[in-house]
Amino acid sequence: MCQNCNNKKPYYITTAIAYTSGKPHIGNTYEVVLADSIARFKREQGYDVRFQTGTDEHGQKIELKAEAAGVTPQAFVDDVAAQIKSIWDLMNTSYDKFIRTTDKDHEAQVQKIFKKLYDQGDIYKGYYEGMYCTPCESFFTESQLVDGKCPDCGREVQPAKEEAYFFKMSKYADRLIEHINTHPEFIQPVSRKNEMMNNFLLPGLQDLCVSRTSFTWGIPVSFDPKHVTYVWLDALTNYITGLGYDCDGNHGELYQKYWPADLHLIGKDIIRFHTIYWPIFLMALDLPLPKQVFGHPWLLQGDGKMSKSKGNVLYADTLVDFFGVDAVRYFVLHEMPFDNDGVITWELMVERMNSDLANILGNLVNRTVSMSNKYFGGEVRNGGAGDAMDEDLKTVVLEAVKKAEHKMDELKVADAITEIFGIFRRCNKYIDETMPWSLAKDEAQKDRLATVLYNLVEAITIGASLLESFMPETSSKILTQLNAKKRSLAEMDAFGLYPSGSKVTDAPQILFARLDIKEVLEKVEVMRASETDGNDNEESGAEEDPVVDIEAKPEIEYDDFAKLQFQVGEIISCEAVKKSKKLLCSQVKIGSQVRQIVSGIKAHYSPEEMVGKKVMVVVNLKPAKLAGVLSEGMILCAEDADGNLSLMVPEKKMPAGAEIC
């Protein structure tokens, strides 16, 4: 491993910048913890790592939220950005730069970039014009409407027109397609690449709106200040402005050293913006493209999407109060598959705490330290009395190091952690095989007992050193108890480096205490009740649920209402409608029948989330085609003032087909 940063190979990793519309929940926090684990491991591999994160602070939603809160947009984002940064710090993330899109140097560069792209003909002024769907924030031509309504959500549309600047996306589309085809590692996982190619690039790109005039909270276009720069041209450029990129060519030292980025780590919901818009912007600026964009899956609540109305929103600081920082880090990293959504529940957290952390890891360290003190006064020495079963332990440990490093090179973080815990599992099995308590009864076996305990301390030292990237505090605590220094990866290719004759601590520390699930759930209920009453809103960071007033429709007679038939439906399968950006097509079981229902909820639910849900359905609605797909009913949703949707689901368990009356 290089000793001087100047001799190390640079590695630049970024997260998506968090939107400052509110406090981030644990699903948002997962991303920065994931990035931190990769950044830490890359440092262990000898890279000179630059890790950047931050906040996205402009837009109409923030302008409206600030107005509702009675503060300026700047004051609003200052408060939320501080909350986000405090959570990133709480989770022990080792970022090098926390950028804010309200930073003056960032804003200045965005204005320069906009002007440069305009001057070279990539941006032109035009109009959004047509029939506008407010919930979808989309314009449509008359021919695109279905029965005069929005083709995506089926709602009413209104004629609208807004002046805007547009970016010529199609100009660079072929070049981007070629880049993706010749750089198979560029978009990961592969499923994300296929989605971008088949759904967006190959059908043809539309020009992209890059300015708005309907709100003012944004970076003004320098040569046309009634326009503000629209979100993606502002937000995406943080990855270069945070390094000191200068549109005039006077780039800072960090930019020259670290760009292009080695890894953009983002949520799968914004993969299109990072693998189509961002590369095209860079091509237009004649800049190198990032080496890889990884669209990670989502962390979902066990009973569906997190929402304040359900009382199931989980925040990192709340979970830390229950379990501790490293337990939360372990859970979100270990429970997230490479290419599928993960699930978080209180029950599963307690189970992992008790089985993996308290039992497999914590109990192992405690037993090893305690036996070393009991039988040898804390001294750990290699007695030289090896056995065949020792060789298997050594093989498992050294192979786990190689496998964990290989998994991290593939960004399969959960698999890497599994390999590390394989070391601890094998150590526990080794204790059962060697039975130190039995060896201690025979004076002739004293050297063998010493060797067994030495092997355990050595194996745990290697495992704890590997664990540092994922659970840094726990790694340090274990090594302190063993009186061992952290091993580098280069030092983990050999077994037996622990100095014979060293002494472990004389008072082993409990790393993780077992929890009673009943007590935890009772505390959770008390916490939720307190939040509902509004007693702890300020402390917990929870926001009061807003109310929504909508325009009243004409009164109807009961007989009119009675014509509608509502039933409970169970979604048995769901897929995205290929010709639409907003539609999902669900197969819904209603009694003994299965209906096909198309809904404009793709922005709020993934197809995987929909499967298995019980929903409220209007079943006697006249069938209609949406984006060319037949829909035989309507799934009911609630909508807030910001256009966020939530499925209407039965409060209690109900069979598919149950009448709603």
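The values are calculated or read from the model by the stated rules, or taken from the named source; none is laboratory data. Computed from a predicted structure; not experimentally measured. In this analysis, Cβ positions are derived from the backbone assuming ideal geometry, glycine residues included, and neighbour counts consider all displayed protein chains.
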Please identify the pairs in which a residue from region 21-41 that is under 14 Å from Leu265 (Cβ atoms) has its Cβ atom under 6 Å from the Cβ atom of a residue that is of a type in the set (D, E, K, R) and crowded, with 24+ Cβ neighbours inside 10 Å, counting only partners at least 6 apart or on another chain.
Val33/Arg329
Checked pairs for region 364-385, first in a loop (DSSP other than H, G, I, E, B), second modelled with pLDDT under 95, C-beta under 6 Å and 6 or more apart or across chains, list as Gly378/Asp506
In region 167-213, the residues that are in contact with a strand residue (DSSP E or B) (Cβ under 6 Å, 6 or more places away or on another chain) and either free of Cβ contacts under 8 Å to residues at least 12 places away in the same chain or in a loop (DSSP other than H, G, I, E, B) (or both):
Met169, Asp207, Val210, Thr213
Name the residue that is farthest from Ser21 (Cα to Cα), counting only residues in region 31-55 that are acidic (Asp, Glu) and within 14 Å of the chain's Cα centre (by Cα).
Asp36
Which numbered condition in (1) part of a helix (DSSP H, G or I); (2) free of Cβ contacts under 8 Å to residues at least 40 places away in the same chain; (3) of a type in the set (A, V, I, L, M) is the only one that Ala507 fails?
(1)
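With respect to Asp96, is the statement that it is under 26 Å from Tyr11 (Cβ atoms), in contact (Cβ under 8 Å) with a residue 12 or more places away in the chain, surrounded by fewer than 19 Cβ atoms within 10 Å (Cβ to Cβ) and not aliphatic (A, V, I, L, M) true?
It is true that Asp96 is under 26 Å from Tyr11 (Cβ atoms), in contact (Cβ under 8 Å) with a residue 12 or more places away in the chain, surrounded by fewer than 19 Cβ atoms within 10 Å (Cβ to Cβ) and not aliphatic (A, V, I, L, M).
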Only residues that are among the hydrophobic types (A, V, I, L, M, F, W, C) and either part of a loop (DSSP other than H, G, I, E, B) or surrounded by fewer than 16 Cβ atoms within 10 Å (Cβ to Cβ) (or both): list them for region 402-420, please.
Leu411
So Lys394 fits all but one of (1) surrounded by fewer than 16 Cβ atoms within 10 Å (Cβ to Cβ); (2) farther than 30 Å from Lys518 by Cβ; what number is the exception?
(1)
Any residue that is surrounded by fewer than 21 Cβ atoms within 10 Å (Cβ to Cβ) and closer than 30 Å to Lys403 by Cβ - is there at least one of those in region 47-67?
yes
Give the residue, chosen from Lys578, Lys563, that is out of contact with any Lys or Arg (no Cβ under 8 Å at 6 or more places or on another chain), in the same structural domain as Gly628 (by TED's automatic domain parsing), at pLDDT below 85 and surrounded by 13 or more Cβ atoms within 10 Å (Cβ to Cβ).
Lys578
Criterion (over 15 Å from Leu497 (Cα atoms), in a helix (DSSP H, G or I), of a type in the set (D, E, K, R) and within 30 Å of the chain's Cα centre (by Cα)) met by exactly one of Glu391, Glu399, Glu433
Glu399
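Restricting region 627-645 to residues that are modelled with pLDDT of 85 or more and of a type in the set (A, V, I, L, M, F, W, C), which is farthest from the chain's Cα centre (by Cα)? Lay out the reasoning, then the answer.
Taking region 627-645 as the starting set, the residues that turn out to be modelled with pLDDT of 85 or more are 629-638.
Retained after the next criterion (residues that are of a type in the set (A, V, I, L, M, F, W, C)): 629-630, 634-638.
Working: Val629: 32, Leu630: 34, Met634: 31, Ile635: 28, Leu636: 28, Cys637: 25, Ala638: 25 Å.
The residue in question is Leu630.
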Name, by its number, the condition in (1) crowded, with 19+ Cβ neighbours inside 10 Å; (2) over 22 Å from Asp36 (Cα atoms) that does not hold for Glu468.
(2)
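State which residue is nearest to Thr275 (Cα to Cα) when the search covers only region 182-211 and only residues that are of a type in the set (Val, Ile, Thr) and touching a helix residue (DSSP H, G or I) at 6+ places or on another chain (Cβ under 6 Å).
Taking region 182-211 as the starting set, the residues that turn out to be of a type in the set (Val, Ile, Thr) are 182, 187, 190, 210.
In the following step, the residues that additionally are touching a helix residue (DSSP H, G or I) at 6+ places or on another chain (Cβ under 6 Å) were identified as 187, 210.
On the way: Ile187: 7, Val210: 17 Å.
So the residue we want is Ile187.
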When you scan region 592-632, how many residues do you find that are surrounded by 15 or more Cβ atoms within 10 Å (Cβ to Cβ), closer than 16 Å to Gly657 by Cβ and touching a residue at least 60 places away in the same chain (Cβ under 8 Å)?
1
Could you tell me how many of the residues in region 128-143 are under 35 Å from the mean Cα position of the chain (by Cα) and either polar (S, T, N, Q) or modelled with pLDDT of 85 or more (or both)?
2
So is Pro554 modelled with pLDDT under 90 and in contact with an Asp or Glu (Cβ under 9 Å, 6 or more places away or on another chain) or not?
no
